[in-house]
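This report refers to the structure that appears directly beneath it.
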Ligand code: ASP
């Protein structure tokens, strides 16, 4: 007769061999962080969504000056934020449906510190306000009037960010008054990731969001883990495109966790896009992801064709076409 004691002994032996609960064993194995030796040949590097080569250039120059990837991603983000011709970021960004330019941004450093602003108006460089939130407050995220009040107290200048061009586009839109989601075109949100000489990773993301969005709408870009995420032990990821998809799947955090469990950056970004297309009506929508790991490898993938990115590595600053789910 098998006693209860024998049974427990037997099943625990089988379980230990992985026969009874192979998936448990697999899960355990997968959740162990892989030890990775940094490959200094591939850093420093800067990568950014879209053809933001001016931003990657500025970021690399800053990194040479201060040696710090955090300064680099902030300096990179400043470029589209101050560009009146960039209609998706900062100054010149298209307003919401009430004609107001509202900005979202977030930043993360090598130690896992994070800062973010959402629904911020009148400030040219929301990324720097996000950095101040990270460095000067006990909070991670400030929003709306509170974020503006904080920015002004920190010495930022109140400015009109609605350019004549953006106002004209909004007035034309009002005539049609159609609330089509951002779709596969017209994205410029910058997500930017950098690795410095000490092999430390930082990331930033900044946007004026979905053009002519509902007043009060906040997208993925300022949400830590959605629009951007960094874990200095593993790597970083950032997103552009329809923020609602990215938020619902917590894309950037997912990508970093997939890399932690052994996926390459390319495998991780592809899986994050698959999570979207499995669940949602994605056909005319665009989401693009970038990822880097601690060794300086990168990955890029999007739902639709047309996603590009800028990569500054090994002394070259290139625009690269991303692979996509829909070919
Ligand atoms: N991800 C941004 C947002 O949803 C928009 C974009 O990348 O175009 O606010």
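The values are calculated or read from the model by the stated rules, or taken from the named source; none is laboratory data. What you see is a predicted model, and the numbers here were worked out from it, not measured in a lab. Quick reminder, even Gly has a Cβ in these numbers, built from the backbone with ideal geometry, and neighbours come from all protein chains shown.
Is one or more of the residues making up region 229-248 assigned to a loop (DSSP other than H, G, I, E, B), more than 13 Å from the ligand (Cβ to nearest atom), touching a helix residue (DSSP H, G or I) at 6+ places or on another chain (Cβ under 9 Å) and at pLDDT 95 or above?
At the first step, the residues of region 229-248 found to be assigned to a loop (DSSP other than H, G, I, E, B) are 232-234, 242.
Narrowing further to those that are more than 13 Å from the ligand (Cβ to nearest atom): 232-234.
After this cut, where a residue has to be touching a helix residue (DSSP H, G or I) at 6+ places or on another chain (Cβ under 9 Å) as well, the list is 233-234.
From the residues that got through so far, the ones that are at pLDDT 95 or above too are 233-234.
Looking through region 229-248, at least one residue is assigned to a loop (DSSP other than H, G, I, E, B), more than 13 Å from the ligand (Cβ to nearest atom), touching a helix residue (DSSP H, G or I) at 6+ places or on another chain (Cβ under 9 Å) and at pLDDT 95 or above.
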1 or more residues under 30 Å from residue 175 (Cβ atoms) and modelled with pLDDT of 95 or more: qualifying strands (runs of 3 or more DSSP E) within region 45-155: 103-108, 114-120
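I'd like the residue in region 270-286 that is more than 15 Å from the ligand (Cβ to nearest atom) and in a helix (DSSP H, G or I) and, out of all such residues, is farthest from residue 301 (Cα to Cα). Spell out how you get there, then give the answer.
As a first pass, look at region 270-286 and keep what is more than 15 Å from the ligand (Cβ to nearest atom): 270-271, 274-275, 277-279, 281, 283.
Subsequent filtering for residues that are in a helix (DSSP H, G or I) retains 270-271, 274-275, 277-279.
On the way: 270: 6, 271: 9, 274: 10, 275: 13, 277: 13, 278: 15, 279: 17 Å.
Taking the candidates together, the pick is 279.
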So residue 226, is it touching a residue at least 24 places away in the same chain (Cβ under 8 Å), within 10 Å of the ligand (Cβ to nearest atom), surrounded by fewer than 24 Cβ atoms within 10 Å (Cβ to Cβ) and within 25 Å of residue 55 (Cα to Cα): no
Matching residues, region 299-322, being away from the ligand (no atom under 16 Å from the Cβ), surrounded by fewer than 24 Cβ atoms within 10 Å (Cβ to Cβ), in a strand (DSSP E or B) and touching a residue at least 24 places away in the same chain (Cβ under 8 Å): 311, 313, 317, 318, 319
Unmet criterion (only one of (1) within 13 Å of the ligand (Cβ to nearest atom); (2) over 25 Å from residue 283 (Cβ atoms); (3) outside any strand (DSSP E or B)) for residue 206: (3)
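Quick one: is residue 296 on the phi > 0 side of the Ramachandran plot and in contact with a helix residue (DSSP H, G or I) (Cβ under 8 Å, 6 or more places away or on another chain)?
Values: on the phi > 0 side of the Ramachandran plot: yes; in contact with a helix residue (DSSP H, G or I) (Cβ under 8 Å, 6 or more places away or on another chain): yes.
Yes: the conditions hold for residue 296.
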Of the criteria (1) at pLDDT 95 or above; (2) crowded, with 24+ Cβ neighbours inside 10 Å; (3) within 20 Å of residue 100 (Cβ to Cβ), which one residue 189 fails: (1)
Breaking point among (1) under 14 Å from the mean Cα position of the chain (by Cα); (2) surrounded by 22 or more Cβ atoms within 10 Å (Cβ to Cβ), for residue 258: (1)
Any hit, region 33-44, residues being at pLDDT 95 or above and within 20 Å of the chain's Cα centre (by Cα): yes
Enumeration of residues in region 48-75 that are more than 16 Å from the ligand (Cβ to nearest atom), closer than 21 Å to residue 237 by Cβ and either surrounded by 24 or more Cβ atoms within 10 Å (Cβ to Cβ) or in contact (Cβ under 8 Å) with a residue 40 or more places away in the chain (or both): 53, 56, 59, 60, 63, 68, 69, 70, 72, 73, 74, 75
